[in-house]
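The values are calculated or read from the model by the stated rules, or taken from the named source; none is laboratory data. The structure displayed is predicted, hence computed values, not measured ones. Using ideal geometry, Cβ is built from the backbone for each residue, glycine included, and neighbour counts are taken over all protein chains shown.
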Amino acid sequence: MKFGVVVFPGSNCDHDAHHAAGAVLGQSVEYVWHQSENLDGLDAVILPGGFSYGDYLRTGAIARFSPVMRAVERFARRGGLVLGVCNGFQILLEAGLLPGAMLRNRGLRFVCRDVWLRVESADTAFTCAARKGQVLRMPIAHSDGNYVAEPETLRELERSGRILFRYVTPDGRADDAGNPNGSMANIAGILNEERNVMGMMPHPERAVETLMGSADGLVIFRSMAESLVRQAQQMTA
């Protein structure tokens, strides 16, 4: 399986994502420059965290118009796996590949610390190596992570099982105490309708080795790899 990590001007987690998919997970991985429109040969694409284009206008608002995003949209329509982390999530929202929007954190401050996430569904390409209800520890680092959506959008996300992660307390309670940024319904990660595009604000790529305090983020990358292997096996069966 081959992963691609998109690099925008201002990306700062591209090397972390490359390390997680390549050195830790052992998969083939390459960087994709933001001006490229060629994703040939890739099975999964990662939009990493950072401050694409300096986060001018709004987070992700300029990156949404990068040439590579036309390729990402085509890739997603063909069923390719797309993971957006932090700024990558914000870009996917701006591009309309995921519903909703991001506002400034409650309290209007940059938040950088470990949080706990509860896996809401384990039957997706991004969580098949996890257990439903499992609590994962990962870091966040953002100013604009307050997820909002129209009431009908929230109802549809809930009804269709597309809320993939919720912020929780260490013992798994999805209450205000576990919500670091004010996100509606404690949402930390969501899926698109086709369930092949996922955005999340926490950084799994910064939690793939115990040396970093947690290896819980590896479950996302492992899930993607296992899902791609099964998909390939089904195609050749």
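Can you name every residue in segment 120-158 that is of a type in the set (Asp, Glu), free of Cβ contacts under 8 Å to residues at least 60 places away in the same chain and either crowded, with 19+ Cβ neighbours inside 10 Å or within 30 Å of residue 56 (Cβ to Cβ) (or both)?
Residues satisfying the conditions are 120, 150.
Cβ-Cβ under 6 Å, sequence separation 6+ or interchain: first residue in segment 29-52 and among the charged types (D, E, K, R), partner part of a loop (DSSP other than H, G, I, E, B). Which pairs?
Matching pairs, first to second residue: 43/1.
On the given criteria, is residue 29 crowded, with 24+ Cβ neighbours inside 10 Å, under 18 Å from residue 208 (Cα atoms) and among the β-branched types (Val, Ile, Thr)?
Details: crowded, with 24+ Cβ neighbours inside 10 Å: no; under 18 Å from residue 208 (Cα atoms): yes; among the β-branched types (Val, Ile, Thr): yes.
Against the criterion (crowded, with 24+ Cβ neighbours inside 10 Å, under 18 Å from residue 208 (Cα atoms) and among the β-branched types (Val, Ile, Thr)), residue 29 does not qualify.
Going by the structure shown, is residue 164 in a strand (DSSP E or B), without any contact (Cβ under 8 Å) to a residue 60 or more places away in the chain and closer than 15 Å to residue 187 by Cβ? Don't jump to the end; show me each part of the working.
Working: in a strand (DSSP E or B): yes; without any contact (Cβ under 8 Å) to a residue 60 or more places away in the chain: yes; closer than 15 Å to residue 187 by Cβ: yes.
So residue 164 fits the description; yes.
Any idea which of (1) touching a strand residue (DSSP E or B) at 6+ places or on another chain (Cβ under 9 Å); (2) within 27 Å of residue 42 (Cα to Cα); (3) in a loop (DSSP other than H, G, I, E, B) is the one residue 220 doesn't satisfy?
Here residue 220 meets the rest and fails (3).
Identify all residues within segment 189-217 that are among the small types (Gly, Ala, Ser), outside any loop (DSSP other than H, G, I, E, B) and closer than 11 Å to residue 138 by Cα; write none if there are none.
The answer is 214, and nothing else.
Please tell me if residue 101 is modelled with pLDDT of 95 or more and more than 16 Å from the chain's Cα centre (by Cα).
No; evaluated as a whole, the condition is false for this residue.
Suppose the filter is more than 16 Å from residue 60 (Cβ to Cβ), among the hydrophobic types (A, V, I, L, M, F, W, C) and out of contact with any Asp or Glu (no Cβ under 9 Å at 6 or more places or on another chain); does residue 110 pass it?
yes
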